[in-house]
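First comes the structure, then the notes that go with it.
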Amino acid sequence: MADSVELKITFRDIPEFLHQELSEEFHKLAKRHLDRHVSHFAPDSVRLRIVAEKNKRLSDHDSISPATQSWWERGEQSIAAYYSATPDRIRKVKGTLIGPDHLDLLGRPSCSAASFRFMCTYGVYGYLGYPTAWMMAELQGDTYAAHAFTGSGEMFSETTNWEYVDSNIP
């Protein structure tokens, strides 16, 4: 990680064999999402303290679903697990966005109106294409839009904004 953020991590009720993997993941996240916002500060002036602890309330509303999950996590705790749990008789597609910050996906056209601009990088415009194509395919029967989700479709070759793509659309 760049010198712009000092990272200190405390683990509570997390098995010790997971500490290294989680620590590496926290460093990657900090580098990916924080460095660009704090790089103009003096090198030892920004510190990030993370307390990682096991969720004591197992509620569906406690966290955002990641793309994949570790082998030790039970149930549907990721996009991949939800995709796998959805029966194949139902048309389904999945993909994880690369790069957006939290407020990019809230539906505001750009970041200019965002209250917390450091949490909005591009705005929603860059991420509307495939959700719009899905709705056109499913609600209007648009076969051209549906082709984006087939194994040879555009979503499978577009690697700038999407990863972990899968579909059962023939």
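Of note:
- Residue, surrounded by the fewest Cβ atoms within 10 Å (Cβ to Cβ), within region 78-104, restricted to residues that are at pLDDT below 75 and in a loop (DSSP other than H, G, I, E, B): G99
- Qualifying residues in region 15-60 (those that are in a loop (DSSP other than H, G, I, E, B), within 19 Å of Q77 (Cα to Cα) and out of contact with any Asp or Glu (no Cβ under 7 Å at 6 or more places or on another chain)) - the one modelled with the highest pLDDT: P15
- Hits in region 147-170 (condition: surrounded by 14 or more Cβ atoms within 10 Å (Cβ to Cβ), out of contact with any Lys or Arg (no Cβ under 9 Å at 6 or more places or on another chain) and in a helix (DSSP H, G or I)): H147, A148, E154, M155, F156
- Residue in region 107-122 that is touching a His at 6+ places or on another chain (Cβ under 9 Å) and at pLDDT 75 or above present: no
The values are calculated or read from the model by the stated rules, or taken from the named source; none is laboratory data. On a predicted model such as this, the values are computed, not experimentally measured, just so you know. Every residue, glycine among them, receives a Cβ derived from its backbone with ideal geometry; neighbour counts consider all protein chains shown.
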